[in-house]
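The values are calculated or read from the model by the stated rules, or taken from the named source; none is laboratory data. Because the structure is a prediction, the values reported are computed rather than measured. Cβ atoms come from the backbone with ideal geometry, glycine included; neighbour counts cover every protein chain shown. What goes into the accessible areas is simple: the full protein's heavy atoms, side chains included, and nothing from ligands, DNA or RNA. Shrake-Rupley method; radii C 1.70, N 1.55, O 1.52, S 1.80 Å.
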Amino acid sequence: MSSMEHVERLREDGVPFRSCLDAGRHLVRLALPGVLVHVPLATLSLLVLTVANGGSAAVVNGRFQLIGTSDAPLLVWTLVPAMIALAGEIVVFPATVIIAAGHLVDRWISPAEALRATVRRLPSLLVLLLVAGAAWAAGAGVLMVTDQHWPARVGLVVAAYAAMPGLLAVPAVLLHGCSGPGSIRRAYRMTELSFLPTASTLAFGVVLVPGAAAWALGSGLGLLPGPLATLGWSLAGTVLALAITPFQAAVVARQFLHSMAWRTEVDDSDLAHGLPDGPSPDPVWSGLLSAVLLPGLLFGGVVLVNPFGWPEISETSVTELSASSRDREPQLRPLDLQDLHLGRDGRPVAVMDGFEDDSSLLACADPSCRKASFAWAEPDGAGTRWQAGAASARLPDGRLLLTTWTTRRLELLTCEAATCERSSGAVATTRGPEESVGVALAVRQGGGPVVAYAESDPADGDQPAHDLVSFIFCADPGCAHPESRQVARLEAAGYSSTEHDLAVAVGPGDRPVAARYDSATGRIQVISCLDVACHQPIVTSPVPPVPPAPDQLWNGGLAMAVRPDGRPAIAYRDLRDQSTKLLDCRTPDCAQADVRTLGAGSEFQAAPVLAVDRAGRPLVAFESLEHQRLMLAVCTGSRCESTPVSRNGNGFGERLAMTMNAEGDPVIAWLDDSLAPSGLDWNLRITTPLNLTPDRRTAW
């Protein structure tokens, strides 16, 4: 071979294309430094992080996420792997450049020899890293402090493009023995006559192509179900991470030798300057290549098998749905979510009702709610109310029962999927504004509705000091012959249907139980019955009033459920300190009760929601405003354990809703408040914890 053959070959144009061919042809050997360094480091770091931060981990839709109540584990999982990968790449990338340069001049260099050569030049390489880090930090600082974000971003892109030739400082250090600053000067001096082509080549081969490959892989894997996506990321992601460096190193090595080849008085020996001599390479051990998949297999196996018992959660974002034929499109605003029920075949149905709007139903097409349909519950032109007013309950056959107002007449709607039918007539009438009437709805075992109805006592005149609370009994969902029975005369409290101040449930033997929350004083009163018709009501006040506070709760209210033994459980936010609490009644009339604090709160967060599982254990879903998490508290006996089940930096709207599915898992609905103008953007989330209830943990 003549002394100019390599020079002539490396002067050829098409550096990016030829570099990709070189990298593909020698990919296995070029990836060996990464296998030797990154695989052990990644395996060890994954093992340590998995054990150390397991308390914040969860498996969401088959994928690993950190949703613990602290952001520290997320920061650790972000910084530690990045720092370990960077530490490894400091020696892997230069070693790969040496091997790639050797291939271009027919020198076969072993990975061990390339790594040793890199370590010898490590001080100068660290200087390059410090210079690059300082430049990046300066650019990021400019972007953070300036208000002109787009000009700043454009300036950063231009600066990054101008810095591309600086990558040639790496082979200048390795092959020519330059110092850190000297290698940067040499890199720009070599490209001063071809600056733009060199910068374009390096930007394309080192940044754009690897970035496009990572984006394509992420987009493709994002279409797969969670477990397959986890397995795909574990295997394909590991291979891609190890394959990117060889392609980048091949571009840098060829561009450096290409620039050298065009200098005058250069021969083949000049191109090979600085490359270590060594014997012919040994065959690549097949076991070493199989080690490439070790970190991915380890991490994917831990996520899919879940040996640490992390919370397993199914979550769906319902952002698109098919609407009814009415002219108006669906609008979900922070106050619109009212209730969540389980329809036929285990499909969730959310009840929506907002300010100056008709009530509506969002019916999921499957239990996970990947597809949903929207339908208006009230007839078109039925009139709207100033406040939301739809109370709802599930009938034994899976249909829903909704309340609606028509010219101060309270009526019932029986709904199935997208069709609602009006009952035979009014179940109650009011003399005052509809917005000031408290209404709650429950259903007895036979399907007969029970309506809790509270309005001002007309005997008090224009300034009523008392409320009359009644139970309205219906024999069937149509409620053709409602029977009303007054059960309590209480001190007046302002009702707001948007705050769920009144709740009703049916206990054993179809005995109704009601609870009323006074948002002005924080008092909770429970009305229980000794018989089905409630001839002997009992009124207790398990939560006494507190002195009026200057700032009232924005989102007050309570949620109540009755255990199979007849004892109510009530979730609410305490007016004293805004904390989320569980009122755990020890008797059916709640004359004796325990109060358990579940989490800190704020007047801006949504009121908690509650359900009981098959064994009568209370489950409370509430928002942790401090940690921006959706929490689920599972209470067994005197102990309540709260677990984060979702996280959201934008807030949870103004409402939460919850029901239990056929498998005994809680299903929680909430609105992702994206802070967009009302009605322009919404995101309904359906979150289902799969292994947090005691029965499910035993089954798993």
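With the requirement that a residue be surrounded by fewer than 18 Cβ atoms within 10 Å (Cβ to Cβ) and not in a strand (DSSP E or B), what does the stretch 466-475 give you?
Matches in the stretch 466-475: 475 only.
Determine which single condition residue 224 fails, assuming it passes every other condition in (1) out of contact with any His (no Cβ under 9 Å at 6 or more places or on another chain); (2) outside any loop (DSSP other than H, G, I, E, B).
So the condition that residue 224 fails would be (2).
(1) open to solvent by 20 Å² or more (accessible area, probe 1.4 Å); (2) assigned to a strand (DSSP E or B): which one isn't true of residue 463, the others all being true?
(2)
Any residue at all in the stretch 601-611 that's surrounded by fewer than 19 Cβ atoms within 10 Å (Cβ to Cβ), closer than 23 Å to residue 436 by Cβ and not acidic (Asp, Glu)? Before the answer, list the steps.
Restricting attention to the stretch 601-611, the residues satisfying the condition of being surrounded by fewer than 19 Cβ atoms within 10 Å (Cβ to Cβ) are 602-604.
If we keep only those that are closer than 23 Å to residue 436 by Cβ too, we end up with 603.
Adding the requirement that they be not acidic (Asp, Glu) leaves none.
No, that holds for no residue.
Within the stretch 39-54, which residues are touching a Pro at 6+ places or on another chain (Cβ under 8 Å) and not aliphatic (A, V, I, L, M)?
Result: 43, 45, 53.
Being crowded, with 17+ Cβ neighbours inside 10 Å and in contact with a Cys (Cβ under 7 Å, 6 or more places away or on another chain): is that true of residue 482 here?
Values: crowded, with 17+ Cβ neighbours inside 10 Å: yes; in contact with a Cys (Cβ under 7 Å, 6 or more places away or on another chain): yes.
So residue 482 passes the test.
Among the residues of the stretch 582-600, count how many are buried (at least 16 other Cβ atoms within 10 Å of the Cβ) and either more than 24 Å from residue 507 (Cα to Cα) or within 25 Å of the chain's Cα centre (by Cα) (or both).
2
Out of curiosity, is residue 567 open to solvent by 40 Å² or more (accessible area, probe 1.4 Å), of a type outside the set (Val, Ile, Thr), modelled with pLDDT of 90 or more and in contact with a strand residue (DSSP E or B) (Cβ under 8 Å, 6 or more places away or on another chain)?
So residue 567 fits the description; yes.
Would you confirm whether or not the stretch 589-601 contains a residue that is of a type outside the set (A, V, I, L, M, F, W, C) and modelled with pLDDT under 90?
Yes, the stretch 589-601 contains a residue that is of a type outside the set (A, V, I, L, M, F, W, C) and modelled with pLDDT under 90.
When you look at residue 303, is it assigned to a helix (DSSP H, G or I), in contact with a helix residue (DSSP H, G or I) (Cβ under 6 Å, 6 or more places away or on another chain) and either modelled with pLDDT of 80 or more or farther than 28 Å from residue 15 by Cβ (or both), yes or no? Walk me through it before giving the result.
Values: assigned to a helix (DSSP H, G or I): yes; in contact with a helix residue (DSSP H, G or I) (Cβ under 6 Å, 6 or more places away or on another chain): yes; either modelled with pLDDT of 80 or more or farther than 28 Å from residue 15 by Cβ (or both): yes.
Here the answer is yes, as residue 303 does meet what is asked.
Hey, can you tell me all the residues within the stretch 191-239 that are among the hydroxyl-bearing types (Ser, Thr, Tyr), farther than 18 Å from residue 16 by Cβ and open to solvent by 30 Å² or more (accessible area, probe 1.4 Å)?
219 - this is the single residue of the stretch 191-239 that is among the hydroxyl-bearing types (Ser, Thr, Tyr), farther than 18 Å from residue 16 by Cβ and open to solvent by 30 Å² or more (accessible area, probe 1.4 Å).
All but one of (1) touching an Asp or Glu at 6+ places or on another chain (Cβ under 9 Å); (2) free of Cβ contacts under 8 Å to residues at least 12 places away in the same chain; (3) not β-branched (Val, Ile, Thr) hold for residue 446; which doesn't?
The one condition residue 446 does not meet is (2).
Consider the stretch 492-513. How many of its residues are open to solvent by less than 40 Å² (accessible area, probe 1.4 Å), under 18 Å from residue 436 (Cα atoms) and touching a residue at least 40 places away in the same chain (Cβ under 8 Å)?
Final tally of qualifying residues: 9.
Under 27 Å from residue 126 (Cα atoms) and within 33 Å of the chain's Cα centre (by Cα): which single residue out of 43, 50 fits that description?
Values: 50 fails: under 27 Å from residue 126 (Cα atoms).
Exactly one of 43, 50 is under 27 Å from residue 126 (Cα atoms) and within 33 Å of the chain's Cα centre (by Cα), namely 43.
If I go through the stretch 615-649 residue by residue, how many of them are over 15 Å from residue 67 (Cβ atoms), open to solvent by 20 Å² or more (accessible area, probe 1.4 Å) and not charged (D, E, K, R)?
Residues meeting the conditions: 6.
Considering only residues that are part of a loop (DSSP other than H, G, I, E, B) and over 20 Å from residue 683 (Cβ atoms), which ones fall in the stretch 336-353?
Step one: of the stretch 336-353, the residues part of a loop (DSSP other than H, G, I, E, B) are 336, 343, 347, 353.
Selection gives 343 alone.
So how many residues does the stretch 426-447 have that are in contact with a strand residue (DSSP E or B) (Cβ under 7 Å, 6 or more places away or on another chain), part of a loop (DSSP other than H, G, I, E, B) and under 23 Å from residue 398 (Cβ atoms)?
Looking only at that region, the number is 2.
Just a yes or no: is a residue in the stretch 509-516 over 28 Å from residue 587 (Cα atoms) and touching a Gly at 6+ places or on another chain (Cβ under 7 Å)?
Checking the stretch 509-516: not a single residue is over 28 Å from residue 587 (Cα atoms) and touching a Gly at 6+ places or on another chain (Cβ under 7 Å).
Among the residues of the stretch 75-85, is any surrounded by 19 or more Cβ atoms within 10 Å (Cβ to Cβ), at pLDDT below 85 and either in contact with a helix residue (DSSP H, G or I) (Cβ under 9 Å, 6 or more places away or on another chain) or outside any helix (DSSP H, G or I) (or both)?
yes
On the basis of being open to solvent by 30 Å² or more (accessible area, probe 1.4 Å) and free of Cβ contacts under 8 Å to residues at least 24 places away in the same chain, does residue 132 make the cut?
no
In this structure, is residue 457 touching a His at 6+ places or on another chain (Cβ under 6 Å) and open to solvent by less than 20 Å² (accessible area, probe 1.4 Å)?
yes
Would you please name the residue that is farthest from residue 315 (Cα to Cα), looking only at residues in the stretch 44-74 that are crowded, with 17+ Cβ neighbours inside 10 Å and of a type in the set (Val, Ile, Thr)?
50
Every residue in the stretch 174-190 that is in contact with a helix residue (DSSP H, G or I) (Cβ under 8 Å, 6 or more places away or on another chain) and surrounded by fewer than 14 Cβ atoms within 10 Å (Cβ to Cβ), please.
Across the stretch 174-190, the qualifying residue is only 181.
Residue pairs, Cβ under 6 Å, 6 or more apart or interchain, first in the stretch 5-18 and open to solvent by less than 10 Å² (accessible area, probe 1.4 Å), second of a type in the set (Gly, Ala, Ser) and part of a helix (DSSP H, G or I). List them.
Note: pairs meeting the criteria are 7/261; 10/261.
State whether one or more residues within the stretch 94-106 are outside any strand (DSSP E or B), touching a residue at least 12 places away in the same chain (Cβ under 8 Å), open to solvent by 40 Å² or more (accessible area, probe 1.4 Å) and over 30 Å from residue 687 (Cα atoms).
Yes; the residues of the stretch 94-106 include at least one that is outside any strand (DSSP E or B), touching a residue at least 12 places away in the same chain (Cβ under 8 Å), open to solvent by 40 Å² or more (accessible area, probe 1.4 Å) and over 30 Å from residue 687 (Cα atoms).
Residues that are small (Gly, Ala, Ser) and touching a Ser or Thr at 6+ places or on another chain (Cβ under 8 Å), at least 1 per element: which strands (runs of 3 or more DSSP E) completely within the stretch 555-670 meet that?
Result: 568-573, 593-599, 609-612, 618-624, 629-636, 639-647.
Can you report the number of residues in the stretch 240-270 which are open to solvent by 70 Å² or more (accessible area, probe 1.4 Å) and either touching a His at 6+ places or on another chain (Cβ under 8 Å) or assigned to a helix (DSSP H, G or I) (or both)?
1
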